[in-house]
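Here is the structure we will look at.
The values are calculated or read from the model by the stated rules, or taken from the named source; none is laboratory data. Values in this document were obtained by computation on a predicted structure and should not be read as measured data. No Cβ is skipped: glycine too gets one built from the backbone with ideal geometry, and neighbour counts run over all protein chains shown. The protein model used for the area step is the full one, side chains on, heavy atoms only, and it has no ligands, DNA or RNA in it. Shrake-Rupley method; radii C 1.70, N 1.55, O 1.52, S 1.80 Å.
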Amino acid sequence: MRRWLHTEEMALEELMQRLNAVSQCTDEIMHQDIIPLYAADIHDQLKKQFAYLSGGRGGDGCPVITFPDYPAFSEIPEKEFQNVLTYLTSIPSLRDAGIGFILVIDRRQDKWTSVKASILRIAASFPGNLQLVLVLRPTGLFHRALSDIAFKFNKDEFKMKVPIIMLGSVSELQGYIDKTQLTEDLGGTLDYCHNRWLSRRTAIEGFAQKVKQTAQILQSFGTELAETELPNDVQSTSSLLATHTEKKDKMKEDIRLAVEQGDDILGSITKPVTENPEYKLNQDQLDNQTTVERLLAQLHETESAFDEFWIKHQQKLEQCLHLRNFEQNFREVKAALDIVSERLSAFTDVGNSCSHVEHILKDLVNFEEKSRETVAKARMLASEGDAFIQSNHYAVDSIIPKCSELHHLCDAFTTEMEQKRNVLNKSLELHGLLEKSMKWCDEGIYLLASQPVDKCQSQDGAESALQEIEKFLDTGAGNKIKELKKVFREYAHILNEDLKEHIQKVFQKQESMEEMFQKRQVSLKKLAAKQTRPVQPVAPRPEAFVKSPCTSPGLQRDCVSNTESGVLRKVNYRRGKTEMSELHQSRGGSTMDDEENLAVLRQHVMNELIETERAYVEELLCVLEGYAAEMDNPLMAHLISPELQNKKDILFGNMEEIYHFHNRIFLRELENYVEYPELVGRCFLDQMEDFQIYEKYCQNKPRSESLWRQFSDSVFFQECQRKLDHKLSLDSYLLKPVQRITKYQLLLKEMLKYSKNCEGAEDLQEALNSILGILKAVNDSMHQIAITGYDGNLNELGKLLMQGSFNVWTDHKKGHSKVKDLARFKPMQRHLFLHEKAVLFCKKREENGEGYEKAPSYSYKHSLNMAAVGITENVKGDAKKFEIWYNAREEVYIIQAPTPEVKATWVNEIRKVLTSQLQACREASQHRTLEHTQSLPLPASSCTSPSRNNIRNMKKMDERKADLTGLEGYVTTVASKYPEKGKGWAKTSHSLDASEENDGWSSAEEPLNSSDAEEEGGGGGGGNEMKLIPGKYTVVTDYEKGVSEEFAVKSGDLVQLIREGEDGLWYVKNLTTGREGWIPANNLLMLIGNSKSAQSLSSSESGTASSTLSTSSSCSDSCNASSTSFSDIKG
């Protein structure tokens, strides 16, 4: 660095010396060192032409200055006169000026007095040496004679040291100065133009000033360049180099323009010679030519000096820029090397299976491929640094350590990469050995399970089975683990605790399998060696009697006597007992073998579950790293179209969340059950809540698939697929989560089929049901998100329980009769969505498109609040129909399901919703009734203690509650006729669109009410007696004979039946007057007649002609602010 600074100082000093020399030389050429006066300064004075330097020379080369006839000569200011004479005498060379000047004063048209004054003024002011003064005296006779006389007598007055010669004509003048050196006005042939001369002198002097100014500017610029401090970053250094280069280019341009200017001046001087080779330049023109040539030489010297300095300065800046680039690249490359080294260090996992190790190896290869560019950059940068060192860079001391560090990091990374690869290859070899052993064991177990027990009972069958076993055991030489210690010793450098445990388990499995083979061999050898039992010809086997029950008794008597028959029966009994014992043992062995077969099949299912789970996790990781991560890679940004940017969440949904769940949790949990496959149901149940993430993924799938179709031909996806070496495109992998969640239920069904008598069968069944429930929820949610036009939040409706398409008829109380008749025969196609709090009616609309875009959408029509809904389970004439009615059958919807099974499912689900609502309200009502009973007065005629009465009432209410839970009919609830406004689902049913298929019109036919149903069902004989239950009723006649004289009711009053007392009395509260009292039950039936509870809920089963009884129960304070009652409907 110091050497470079010294060189820089020397270059600057040399530049300054050379440029100073140019400035001095320019001044000398232009004589500015003596008389610093320029033509441009006295341009107007020179232009008057009272004196001029024509370029003519005397005989000895003296310059000739001509004073032409100028009438106003005496009026010229002294300063101007002095400047012009000074400037004209400074133009000739010093040598010519030293000889002296010849003055030609032309006064032919003047008077003697003026001649005398001119001579005296010139003599007094002329600054140079004079050799001769030639005066052309006036031509007039008088003034000519006067001048001769006056000049003789006044000669001493002219204070000139040179002779003054008075000439009478031009011819006399030519005797002193050659004709060729005189201008045309003096009778000569010298070509002179004063304006041209003045313009040329101005140009030459301007050029000289340009040369001097250029040298001075380059001096300042060189000093600025040399004193500039070098920046410490690439951008500043690059900016500085660009700035200095720009200034240098401007300097070069100025020099080029100056050279061009000098060449133009020189060309104008030599132009006459160029045009006419015989033309000879006068001495003044030759002097001008020489002057311009010398100035051009100085300008070239200036340019040369600056170029040499700039080369050194530019080299310094470029080396500085190289150094800053090197330092910046070093920092970036070192950081990248540190990152790849850290990631490489993270490859500590040796894998838990061949596929896992292969995946890690593939990841390592991919990582090596990606990191290869980083290592290559590091090595290239190190080579670049070495080149700087070889080129004697001024910062060698800073470059050498960085190059050494880069070489060390690259070599260390390459070495570690090779070590990781060797470890994984060794791990792959070990897992290959283990999987080969496990596969051999599985094949052996499968062989044992596949050998039919009944065929092995014969000698030939046993021998054949033995041969199969021996043949299989012969294959164990290349498949099984021979020495456990040898394996531990050979693979010691890659073994961890998990891998050691795995090896031991595999070895134990191998030993257990071999033990099973040994036991099977022993059994088969016994069977093969067993002698065949002889059959006595006189004693048929007991089975013969069973198989031939119709054998003739006479034939038996002919063959065997009674005594012989008794003996034979004893023998056959003993033999049958022995054979039954053997058969029992055989069946016991068969049962054991069956259990072994099931265990093998369970293990196969478990292996498939785990292997496919690992493959699934690897595929998800591959997609996330190979596609999703690449969308954030700056190096791939140019391949992504602007419309696709920032759409990663839409394309991949929550796949990353799914991957982390399976990789970190579920796969590890599954591996814990590898030895206990029948218990794997518990694993699913423990993680069942996490499987809800699939619902979010499936809901996003339509948007994802739509986006994929738009950009499936993108170069970005093609490049990612090429890098991953995938045969299938991305959309196939985006479908994997959907396929996986459906795969689980198939595997669970298989596992359950082989585990029916095992400990975990119940968990497997529950897990299967849960997975199927998730699939149903996913499917339902896919339909739910397609609902359009609903003004509200669907999440407020509670959980979606069911959804499906139905034919729907309307049968409302309000509406035109003709329209009702039309609506009765023309069904609407509606898609129903049953939520916990409402049921939605939508119209299904098919969409055009492909894939998920072809999925239907559902246009919202109206909804029913479940708190105001009732159902009729059976509709006459069609087993697939049921009714949903609203607000005490104000609105009735006849629903036709596709099948009776679908109808039954919906009815059961609706029953569950309404029963749960009723149950909650009943419990609240019972609680409030008990609290209120304690404060009520007792009837005067009651002879029963209050405690007993309360106990009886409590028992009755418990019985009703018990009856409620066991009803086969349906229980519904009805809310206020005018439900709360402001909530989408809480409004009364919205009317249908009247313009659409007439499905908005309602029927005017009145539905069957409770009293009609009672007459039809009970009019035959002995009808059903109406029973009173607590609730609110409307009085239809006046009553003033209550037990309490203060208690009375009038027609139209609203009363509440609170509880039943002794002797047929009811405790009643008049809600209109607020009074309370006891009323006999018979009178009470007459008072309320057939009036229904103020808010009742009833259900009828039409088609069965069964009577329907509507009874009431109050739960006003427990459900809503408005009173609500319920009806128990019994079919």
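To the nearest 0.05, how large is the calculated FRET efficiency for Q213 and K48 if R₀ is 25 Å and r is the Cβ-Cβ distance? Kindly include the intermediate steps, with their values, before the conclusion.
Details: r = 29 Å, r/R0 = 1.18.
Here the calculated transfer efficiency is 0.30.
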Task: J(HN,Hα) series, region 889-897, from Karplus relation 6.51 cos²θ - 1.76 cosθ + 1.60, nearest Hz, glycine and proline x - done: 6, 5, 10, 10, 10, 8, 9, 10, 7
TODO: Just name one of S236, L225, S268: the one whose Cα is farthest towards the positive end of the charge dipole of region 210-268 (beta-carbon charges, Lys/Arg +1, Asp/Glu -1).
DONE: S268
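Determine, from the Cβ-Cβ distance of E463 and K436 and an R0 of 25 Å, the FRET efficiency 1/(1 + (r/R0)^6), rounded to the nearest 0.05.
0.30
Take the solvent-accessible surface of the protein heavy atoms, probe 1.4 Å, and return the percent of it on region 47-86 that carbon and sulfur atoms account for.
Numbers: 750 of 1500 Å².
It is 50 percent, rounded to a whole number.
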- [ ] For Q504 and T270, calculate 0.36 nm times their separation in residues minus their Cα-Cα distance, and state this gained length in nm to one decimal.
- [x] 73.3 nm
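Could you order the peptides 226-234, 46-54 from most to least packed, using the average number of other C-beta atoms within 10 Å per residue? Don't skip to the end; give the middle numbers.
Numbers: 226-234: 13.3, 46-54: 19.6.
In decreasing order of mean packing, 226-234, 46-54 become 46-54, 226-234.
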Open item on the list: In whole percent, and with a 1.4 Å probe on the protein chains, what portion of the accessible area of region 163-245 is carbon and sulfur?
Closed with: 46 percent
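Please state the shape class of region 468-508: rounded when a/c is under 1.5, otherwise prolate if a/b exceeds b/c and oblate if not, all from the C-alpha gyration tensor. Don't jump to the answer; show the numbers that get you there.
Numbers: a/c = 4.02, a/b = 2.32, b/c = 1.73.
Judged from the Cα gyration tensor, region 468-508 comes out prolate (a/c at least 1.5, a/b above b/c).
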- [ ] Please work out the Cα center distance from region 205-228 to region 182-204, rounded to the nearest Å.
- [x] 34 Å
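Shape call for region 596-638 from the C-alpha gyration tensor, a ≥ b ≥ c root eigenvalues: rounded (a/c under 1.5), prolate (a/b greater than b/c) or oblate? Intermediate results must be reported in sequence, preceding the final value.
On the way: a/c = 9.89, a/b = 9.22, b/c = 1.07.
Note, shape of region 596-638 comes out prolate.
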Open item on the list: Solvent-accessible area of K519, probe 1.4 Å, all protein chains present, reported in Å² to the nearest ten, please.
Closed with: 130 Å²
Task: Accessible-area ranking of H359, H322, largest first, probe 1.4 Å - done: H322, H359
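Excluding ligands, DNA and RNA, what is the solvent-accessible area per residue of region 701-845 at a probe of 1.4 Å, expressed in Å²? Present the calculation step by step, with values, prior to reporting the outcome.
Numbers: 7210 Å² over 145 residues.
Accessible area per residue: 50 Å².
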Task: Inter-part distance where region 742-811 and region 233-284 are each reduced to a Cα centre, Å - done: 91 Å
